[in-house]
Every structure is written in structure tokens, then in C-alpha cells.
Amino acid sequence: MSILSVGTVAFDDIETPSGRANNVIGGACTYISLAATYFVKPVRIVSVVGDDFPQETLDYLQKRGADLAGLQIKEGEKSFFWSGRYHKDMVGRDTLDTQLNVLANFDPVIPPQFKNSEYLMLGNLVPEIQMRVLKQLPKRPKLVVLDTMNFWMDNALEDLKKVIKKTDVLTVNDEEARQLSGEHSLLKAAGVIHKMGPKTLIIKKGEHGALLFHKGEIFFAPALPLAEVVDPTGAGDTFAGGFIGWLARTDDLSFQNLKRAVIYGSAMASFCVEKFSIERLKGLNSSMIHKRVQQFADLVHFQPV
């Protein structure tokens, strides 16, 4: 099964209680795609960078199984840049600087060989750009997964709702679910969001795990307790990459397999936060991923009386 991944490939400056990392590799599409390559290959990337983006990183992504035919490289321009500082709780953060650069005029072009992709992951982007991607596909993918954020709910709500209507799976955090639905109860929020289009909703709760809502059924996945969290940047995108990667690998959209996909996504995210940028994701293998998934299984396994 083929995955089409759309989003940002970027640079980040990150400061956390664990330290600081300057001008490191970031971007939603980067994390999504890298995580997904551990499950299926190739992962087809549609994004844009400037000519300042390191060739060695592009070479590494290709080596991992990313197809970069849809990656635009703009000569004489700079890549998207974000800088942020995390609070002591590693949940709250302050954006210090955002430079759109090549993203300001990004017009995604889906290469002809990408248009038959069966699984589509729309990373956090301007809703209008996400819609442009959907309109270029002659046939609807088997599964469309959408990630978004409260910024677009504040500034492009009507465009966002149009994209959500064409989505199978929506991933948001609990604050965003409440804002989008107007409901404080996450159960009620899920009901409202389902009526907007998505049959499946994933509400990410950071260190408190994730909730899966699908056709009246609910599943809760805990977060794995970690001795140290170094950098939460990209954890949600890595989750999405692991989630859609598992689904594409198994080609099974049953509720039972959606639950497994949430666990695989959570496992990948738990690796991501252990180092800055994508460094921890570089050193993984299938044995390590399986062992981490088993830790999740052991965490919740019990025998009822």
C-alpha cells in the first residue's frame, strides 16, 4: 500500500528544560514520513524547501524509503523556519519566531505517479492547500487522515470545515477538539465532529495518552511513562506517521486494527521525544518498535475477576 504525505519540511530552533537545539530538521511532513517508512515503502512526499535545506537529509530520507518526486526545491529561497520554547511541564510552549519563507507561496503539485496513492496523510497546513491536494487526486484514496490545529480554527474555520468534510480520520488534541465542537465533554465533542464528516476521531492528550472514537466505539491508549522527555516537537506528527503507516502496511481498517494503529503511533511518538529533532527516529529497527509496542500492551493488560 502506498502513502502520500503532505506537509512541511523545515528547520527548527527548540529550547526545552533539557537543553537547546538550533537550526535542526523539523516539519510535520518530515516526522510523518520518516515514521511511516518503518512500516511501508515508499512514502511519497509533497512539500517545499529552499536551497538551504541540507542535501544529506534529503539523501537520508530517500535511503529510508521516501520518494521525493513531489518535493519542490526553490532556488535562492529559504526553507520554512519555526522557533519555540517549551515550559517546564513540556506541554505548554511559546512560539518565538515563525518564518514562512517558501511556504508563503506553496502550491502543491502532485506528480502523476503519486495520484494513485491509497493512503493520504494531510499534515498540518493551510486548509486551502490541503483542499488543493484533494482536488488533484482523480480517485479518492482508501483513507484520508487530516491533522490540523487551533490556529486554523481561529483564522480559516470555513475552509477547514470543507476539508474535514472530506476526511476519514481527524487527529487533534483535546483543546482543539473542544474548540472545534463547542463542547467541553470529549465524548460530546466526538459526536459533533463525527457529524462534520470523519468516521474516526483521534484526540491526542500528550503525556496522558490518546482517545480513539470510531462509529460509536471508544478506545483509550495510555502514554508510555518515560524517565526523561527531551523534546516533544514532532511527537504528534510522528504519531500520525506510525498510525497511518501501520494501517497501510496491514490494509485493514477495522476497529480492532485502528486500535493497534493508535498503539503503533503512540510507540513511535514515545521514541521521538527521547532526543531533539528526528535524531531518535533515525536509529530504530523493527525489533525495537515491536519491543516498545509490547511495553504498551503490558502496561494495560490485566485479567478481570
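Here, each number is a calculation from the coordinates, and none is a lab measurement. Quantities reported herein were computed from a predicted structural model and do not represent experimental measurements. Heads up, the Cβs are rebuilt from the backbone with ideal geometry, glycines too, and the neighbour counts pull from every protein chain shown.
So which DSSP H runs in the chain come out at 18 Å plus along the axis (Cα) with average Kyte-Doolittle of at least -0.5? Write out the running numbers ahead of the final one.
Values: long enough: 235-250 (23 Å, 0.46); 255-272 (26 Å, 0.51); 286-300 (22 Å, -0.03).
Correct list, ordered by number: 235-250, 255-272, 286-300.
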Problem - Sparse-neighbour loop sites [chymotrypsin sites (Phe, Trp or Tyr not before Pro); region 236-305; at most 12 other C-beta within 10 Å; DSSP] - result: F302
Practice task
Taking a cut-off of 18 Å between Cα atoms, list the aspartates and glutamates near K195, but don't count ones fewer than 8 places away on the same chain.
Solution key: D147, E158, D159, D168, D174, E176, E183, E217
Problem - 4 °C / 1.567 mPa s Stokes-Einstein diffusion coefficient of the chain, Kirkwood radius on C-alpha pairs, µm²/s - result: 67 µm²/s
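Taking only C-alpha pairs under 8 Å that are 6+ residues apart, what is the relative contact order of region 3-300 in percent? Mind showing how you got there, number by number?
Working: 626 pairs, mean separation 53.5, N = 298.
Rounded, it is 18 percent for region 3-300.
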Problem - Qualifying trypsin sites (Lys or Arg not before Pro) in region 161-217, DSSP loop, other Cβ atoms within 10 Å at most 10 - result: K215
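I need the GluC sites (Glu not before Pro) found in region 172-275, filtered to DSSP loop residues with at most 14 other beta carbons within 10 Å of theirs. Please report the intermediate quantities before stating the final value.
Details: sites: E175, E176, E183, E207, E217, E228, E274; in loops: E183, E228, E274.
For GluC sites (Glu not before Pro) across region 172-275 that sit outside H, G, I, E and B with at most 14 neighbouring Cβ atoms in 10 Å, the list reads E228.
Cross-link list K135/K188; K199/K291; K162/K188; K88/K259; K199/K282: which exceed 28 angstrom alpha carbon to alpha carbon? Can you show the working numbers first?
Working: K135/K188 31 Å; K199/K291 31 Å; K162/K188 21 Å; K88/K259 31 Å; K199/K282 33 Å.
Flagged as over cut-off: K135/K188; K199/K291; K88/K259; K199/K282.
Of the beta bridges DSSP finds with both residues in region 3-300, what % are antiparallel, to the nearest 5? Let's see the in-between values first.
On the way: 22 of 54 bridges.
Looking only at bridges with both residues in region 3-300, the antiparallel portion is about 40 percent.
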Completion exercise
In terms of the charge dipole of the chain, which places +1 on Lys and Arg and -1 on Asp and Glu at the beta carbon, the residue among V192, Q303, T98 farthest towards the positive end is Q303
Problem - Helix-only mean residue ellipticity at 222 nm for the chain, each DSSP H run of n ≥ 4 adding -39500 (n - 2.57), per residue, nearest 500 - result: -11500 deg cm²/dmol
